[in-house]
1. Condition first: in contact (Cβ under 8 Å) with a residue 12 or more places away in the chain and under 30 Å from K17 (Cα atoms). Now tell me which residues in the stretch 50-65 satisfy that.
2. Taking the stated definitions as given, is P84 assigned to a loop (DSSP other than H, G, I, E, B) and surrounded by 10 or more Cβ atoms within 10 Å (Cβ to Cβ)?
3. Could you say whether any residue in the stretch 30-37 is over 23 Å from I72 (Cβ atoms), at pLDDT below 90 and surrounded by 10 or more Cβ atoms within 10 Å (Cβ to Cβ)?
Amino acid sequence: MAEVGEDVMPKDAKIVKELLKSMGVDDYEPRVVNQFLELWYRYVVDVLTDSHVYADHAGKSIIDSDDVKLAIQSKVNFSFSQPPPREVLLELARSRNKVPLPKSIAGLGIPLPPEQDTLINPNYQLAIPKRHNTQLPEETEEDEEAANGNSNHDQDRRNLSQGAQRVSFPLGSKQSR
């Protein structure tokens with residue numbers, strides 16, 4: 001039983017439909033045939049264009065079967081890559097399998113790798129200067145500048161070099177308070 005419009009369908013579209021049917025594909029969108037035809041036509045144009053280039057290079061006025069074969073072989077060589085030989089793959093597998101997997105962390109939920117192997121380590125540092133006096137020092141010009149937002153870069157360096165306390169914390173989502 002022919003579908004509606006089957007008799008007005010181009011010959012190439014009928015061939016594509018028959019190819020799909022022979023491969024066991026019975027259910028597909030009608031646009032699939034057009035996409036295969038576009039791919040088919042583009043491939044043929046590329047092969048014939050390359051064949052023409054090869055014929056010109058050989059000094060021939062017309063394309064012959066050798067030019068077409070060369071163009072197809074060129075397409076195959078650049079479109080598809082061969083996997084490495086079995087021996088190479090086995091050697092790669094042996095060398096990779098020598099490295100033991102990291103120990104799994106037992107617990108509820110999804111097991112995660114150790115913290116040092118992840119990107120969730122603390123990644124921010126804040127230097128808190130140590131105060132040598134337990135009493136509050138009198139305000140100086142530097143303290144007034146810092147309070148006004150004009151912090152002195154040299155004072156910050158001195159605090160860091162005098163052993164300022166460093167606090168690390170991860171950047172994460174803000175928690176509601």
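The values are calculated or read from the model by the stated rules, or taken from the named source; none is laboratory data. Model, not experiment: these values are computed from the prediction. Positions of Cβ are backbone-derived with ideal geometry, glycine not excepted, and every protein chain shown enters the neighbour counts.
1. Passing the criteria: D50, S51.
2. On the way: assigned to a loop (DSSP other than H, G, I, E, B): yes; surrounded by 10 or more Cβ atoms within 10 Å (Cβ to Cβ): yes.
The answer is yes for P84.
3. Residues of the stretch 30-37 that are over 23 Å from I72 (Cβ atoms), as a first pass: 30-34.
Narrowing the set further to residues that are at pLDDT below 90 leaves 30.
Right, trim to surrounded by 10 or more Cβ atoms within 10 Å (Cβ to Cβ) and you get 30.
Looking through the stretch 30-37, at least one residue is over 23 Å from I72 (Cβ atoms), at pLDDT below 90 and surrounded by 10 or more Cβ atoms within 10 Å (Cβ to Cβ).
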